[in-house]
Amino acid sequence: MKVNITVPDNLNEIVLEDYQKFIKIQESNENSFFLQQKMVEIFCGIKSQDVLLIKYTDVEKVTSILNEMFDSKPELVKTFSLNGIEYGFIPDLNSLSFGEYIDLDTYMGDWQNIHIAMNVLYRPIKQKQKDKYIIEDYNLETKDALLDMPLDAVLSAVFFFFNLGKDCASSILNYLNQEDLSQQVPNLDLQKNGDGINHFMLSLDQILQDLKISQN
């Protein structure tokens, strides 16, 4: 029996919810053949039993293509269209409210709920002029709409914050090397003050491990 499949050739052809499904399966299964079967089923949109009818060498090629895509590190995706709505990455991270920061910090490291963090970062554009745009206010009720967002935008946001965190940590270390803070700020508790940054970086580290993506 001949089975026709369409293999995505770009991360923007894969939706977040499908990758969440695969990650959940991957977390509870170590059988490589079963994972290959589920990968082809989920990302190529065919029935699980039909995957068994495909030549083994073809399955190997398909999963190799998919794994190569998942191992990529896309540049930050600033805008994308979803269900007729254009979404934009938040233009000013300094404008995050306390509640928005909590949701971002809490769910950025939780793969099954990362769409909530994406709902903070990507919002419908209500005004746009060339490359400048204004996004709508944060609305937690719209979080499920982001389940259908393209995976390249998700991964690009993860790497954006991971690199941002590395730059912040590097800047702090450089400053500590140049200044004698023990003389200037006797009561500085670096461990306490760094809890938020450390938690966020650990969350991103865990996501990258779940994705099997190298940080280098």
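The values are calculated or read from the model by the stated rules, or taken from the named source; none is laboratory data. In this text the structure is predicted, and so the values were computed from the model without any measurement. Cβ atoms come from the backbone with ideal geometry, glycine included; neighbour counts cover every protein chain shown.
A few remarks follow.
- Those helices (runs of 4 or more DSSP H) of region 99-185 in which at least 1 residues are within 21 Å of S72 (Cα to Cα), at pLDDT 85 or above and of a type in the set (A, V, I, L, M), considering only elements entirely within it, cover 114-121, 151-178.
- Positions within region 97-134 being surrounded by 12 or more Cβ atoms within 10 Å (Cβ to Cβ) and farther than 26 Å from Q20 by Cα, in sequence order: K126, K128, Y133, I134
Condition check ((1) within 30 Å of I125 (Cα to Cα); (2) surrounded by fewer than 18 Cβ atoms within 10 Å (Cβ to Cβ); (3) touching a Gly at 6+ places or on another chain (Cβ under 9 Å); (4) of a type in the set (F, W, Y)) across all residues:
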residue: T6; (1), (2), (3), (4): no, yes, yes, no
residue: Y19; (1), (2), (3), (4): yes, no, no, yes
residue: Q49; (1), (2), (3), (4): no, yes, no, no
residue: F89; (1), (2), (3), (4): yes, no, no, yes
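- For beta carbons closer than 8 Å, sequence separation of 6+ or different chains, a first residue in region 145-166 that is assigned by TED's automatic domain parsing to the domain that holds Q112 and farther than 15 Å from G109 by Cα and a second that is assigned to a helix (DSSP H, G or I) and among the hydroxyl-bearing types (S, T, Y), the qualifying pairs are L151/Y19.
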